[in-house]
């Protein structure tokens, strides 16, 4: 018996034999929708928390940069970082830290107020001080050594060669031993600079390793040195 055209075009619904649900029907699964909404909400919450953490981290670093600028004396800033480090390893209490820093920032009331806020932020976020202090110590070491090298190497081309050596090493194109040989050709006549270079490199590598353990973005020796190249 020949079927009519309407019968040929008719589509039988697909049925799940276990649940008798019409799989072709536009019938959303409430449980699936709730799961998708929950996953989306959780992702947005995580992204918001990450953004908030980055903002706090940037603000903390900006505050320490402001402190360094206003103090004007690298030795005083180094003392402040050492106080923070001592507090981080729980050798002194918060009150003792505030007393020590208070002596260093006595002439800067705005910095003292800002330091209390900074410290509260560090205490309220586990591991926060570690990341901030590691980055600040790294930049301070880079800046101090950079100034010394730039002042000693009177020829700008020699300083550019020095930067190129660091760049090549930082990109893992040469070994530490090869870097040492290249830098020795430039700084060999200056015993204090060579001794300082070994210490500088070791400190940078230790701080970079600490940053990796804290899941922070690895530091870049060359970027930080070039970023401060406009300073005398």
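Observations on the structure shown:
- Scanning segment 148-176 for residues that are under 23 Å from the mean Cα position of the chain (by Cα), buried (at least 16 other Cβ atoms within 10 Å of the Cβ) and either at pLDDT 85 or above or within 17 Å of residue 193 (Cα to Cα) (or both) yields a count of 4.
- Every pair of residues 6+ apart whose Cβ atoms lie under 7 Å, when the first sits in segment 108-121 and is surrounded by 15 or more Cβ atoms within 10 Å (Cβ to Cβ) while the second is not in a helix (DSSP H, G or I): 111/105; 112/105; 115/105
- Cβ-Cβ distances below 6 Å connect the following pairs, each with a first residue in segment 70-86 that is within 16 Å of residue 111 (Cα to Cα), a second residue that is at pLDDT 85 or above and in a loop (DSSP other than H, G, I, E, B), and a separation of six or more residues or different chains: 70/108.
- Filter pass, residue 134 being surrounded by fewer than 16 Cβ atoms within 10 Å (Cβ to Cβ) and either part of a helix (DSSP H, G or I) or assigned by TED's automatic domain parsing to the domain that holds residue 59 (or both): no
- Scanning segment 67-93 for residues that are surrounded by 12 or more Cβ atoms within 10 Å (Cβ to Cβ) and out of contact with any helix residue (DSSP H, G or I) (no Cβ under 7 Å at 6 or more places or on another chain), we see that the one that is nearest to residue 134 (Cα to Cα) is 82.
- Condition broken by residue 183, with the remaining ones in (1) modelled with pLDDT under 90; (2) part of a helix (DSSP H, G or I) satisfied: (1)
- Just one residue in the set 205, 126 is under 30 Å from residue 92 (Cβ atoms), assigned to a loop (DSSP other than H, G, I, E, B) and modelled with pLDDT under 90; that residue is 126.
- Verdict on residue 87 being at pLDDT 85 or above and on the phi < 0 side of the Ramachandran plot: yes
- Breaking point among (1) touching a residue at least 40 places away in the same chain (Cβ under 8 Å); (2) farther than 22 Å from residue 76 by Cα, for residue 146: (2)
The values are calculated or read from the model by the stated rules, or taken from the named source; none is laboratory data. Because the structure is predicted, anything quoted here is derived from the model rather than measured. Please note: Cβ atoms are built from the backbone with ideal geometry, for glycine as well, and neighbour counts cover all protein chains shown.
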